[in-house]
């Protein structure tokens, strides 16, 4: 077994990137219980752990310690009761760019640090999701270098689409420099408002733009919901917090579409 690795990336914050990483992974674990699934948190905010009721400050070692070479990846893994494992982060990860760029003798291949670290767990999982930071930092580039595919969540407003353009440029740069096999699995519209005319207009513009580039836009979108936010606050994946919620059902349908499940 060698894990298929999927980065969930967005240059812009507030587009439900972490929420999508968590709920798609948990939904997939429920839809196919044979799969071994993990989520690697590469965001210094550490919201993946919080989404499962863990205090990010309580971890003695995190992904930051792995990437600077202090500990092996499998030593920081945490088993959740929802069928997936998580590899947590915290605010220390914000130091990664400086630590890597200032120590070229230790990190001669700065884009491949995460790829090398993941070698320790590739044979443990079928699918590994990487929750990227909301920026185009070295951490995001490491995630793209280490991944087979990338899913791009967007909130359908004009600034988010501008962020999509910037991310696509970064993806193109990574494909040229470090990972020519990286594919874009698709773009997913999140936090959709049922009464927001702008959402529909921007989504259509995004579809036209992506079609010209040969980029898939998933048919299933995810509605905005206060229940999703409440689930995060309670530290429970939304699919287990309020399964009948419209946005939760959206995530289940999206997961089936992404992974071609019945």
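The values are calculated or read from the model by the stated rules, or taken from the named source; none is laboratory data. The model shown is predicted, which means the values in this text are computed figures rather than measured ones. Cβ placement follows ideal geometry from the backbone for every residue including glycine, while neighbour counts extend to all protein chains displayed.
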Study note, to complete from the structure: Per the filter on the range 74-98, residues touching a residue at least 24 places away in the same chain (Cβ under 8 Å) and either touching a strand residue (DSSP E or B) at 6+ places or on another chain (Cβ under 7 Å) or more than 22 Å from residue 137 (Cα to Cα) (or both) are 74, 77, 78, 80, 82, 83, 84, 85, 86, 87, 88, 89
Revision key, fill the gap. Of the residues in the range 134-167, those that are surrounded by fewer than 21 Cβ atoms within 10 Å (Cβ to Cβ), in a loop (DSSP other than H, G, I, E, B) and touching a strand residue (DSSP E or B) at 6+ places or on another chain (Cβ under 9 Å) come to 148
Study note, to complete from the structure: Checked the range 175-207 for anything modelled with pLDDT of 95 or more and either within 18 Å of residue 8 (Cα to Cα) or in a loop (DSSP other than H, G, I, E, B) (or both); matches are 175, 178, 179, 180, 181, 182, 183, 184, 185, 186, 187, 188
Review point. Failed condition for residue 220, given (1) closer than 16 Å to residue 157 by Cβ; (2) touching a strand residue (DSSP E or B) at 6+ places or on another chain (Cβ under 8 Å); (3) buried (at least 16 other Cβ atoms within 10 Å of the Cβ), with all others met?
Key: (1)
Check your understanding: Hey, among 178, 238, which residue is surrounded by 13 or more Cβ atoms within 10 Å (Cβ to Cβ) and within 17 Å of the chain's Cα centre (by Cα)?
Key -> 238
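Can you tell which of 48, 66 is closer than 21 Å to residue 235 by Cα and part of a helix (DSSP H, G or I)? Quick ask: steps written out before the conclusion?
Details: 66 fails: closer than 21 Å to residue 235 by Cα.
On inspection, the qualifying residue turns out to be 48.
Every residue, every condition in (1) at pLDDT below 95; (2) surrounded by fewer than 20 Cβ atoms within 10 Å (Cβ to Cβ), yes or no:
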| residue | (1), (2) |
| --- | --- |
| 5 | no, no |
| 12 | yes, no |
| 24 | no, no |
| 31 | no, yes |
| 40 | no, no |
Study note, to complete from the structure: Here the residues within the range 112-133 that are farther than 20 Å from residue 70 by Cβ, buried (at least 19 other Cβ atoms within 10 Å of the Cβ) and out of contact with any strand residue (DSSP E or B) (no Cβ under 6 Å at 6 or more places or on another chain) are 133
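Among the residues of the range 87-99, are any surrounded by 15 or more Cβ atoms within 10 Å (Cβ to Cβ) and under 18 Å from residue 35 (Cα atoms)? Full working, then the answer.
Of the residues in the range 87-99, the ones surrounded by 15 or more Cβ atoms within 10 Å (Cβ to Cβ) are 87-90, 92-94, 96-97, 99.
Then keep just the ones that are under 18 Å from residue 35 (Cα atoms); that gives 87.
Yes: the range 87-99 contains one or more residues that are surrounded by 15 or more Cβ atoms within 10 Å (Cβ to Cβ) and under 18 Å from residue 35 (Cα atoms).
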Check your understanding: Which residues, counting only those in the range 100-124, are in a helix (DSSP H, G or I) and within 15 Å of residue 141 (Cβ to Cβ)?
Key -> 100, 101, 110, 111, 112, 113, 114, 115, 116, 117, 118
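If you check residue 40 against the conditions, is it touching a helix residue (DSSP H, G or I) at 6+ places or on another chain (Cβ under 7 Å) and part of a strand (DSSP E or B)? Walk me through how you get there before you give the answer.
Values: touching a helix residue (DSSP H, G or I) at 6+ places or on another chain (Cβ under 7 Å): yes; part of a strand (DSSP E or B): yes.
When the stated conditions are applied, residue 40 passes them.
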Study note, to complete from the structure: Scanning the range 244-262 for residues that are assigned to a loop (DSSP other than H, G, I, E, B) and in contact with a helix residue (DSSP H, G or I) (Cβ under 8 Å, 6 or more places away or on another chain), the one surrounded by the fewest Cβ atoms within 10 Å (Cβ to Cβ) turns out to be 262
Review point. Could you count how many residues in the range 208-227 are within 19 Å of residue 14 (Cα to Cα), touching a residue at least 12 places away in the same chain (Cβ under 8 Å) and in a helix (DSSP H, G or I)?
Key: 1
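Determine, yes or no, whether residue 71 is part of a loop (DSSP other than H, G, I, E, B) and at pLDDT 95 or above. Working first, answer last.
Details: part of a loop (DSSP other than H, G, I, E, B): yes; at pLDDT 95 or above: yes.
Answer is yes for this residue.
Only one of these is within 22 Å of residue 111 (Cβ to Cβ) and modelled with pLDDT under 95: 159, 167. Name it.
That would be 167, the only listed residue that is within 22 Å of residue 111 (Cβ to Cβ) and modelled with pLDDT under 95.
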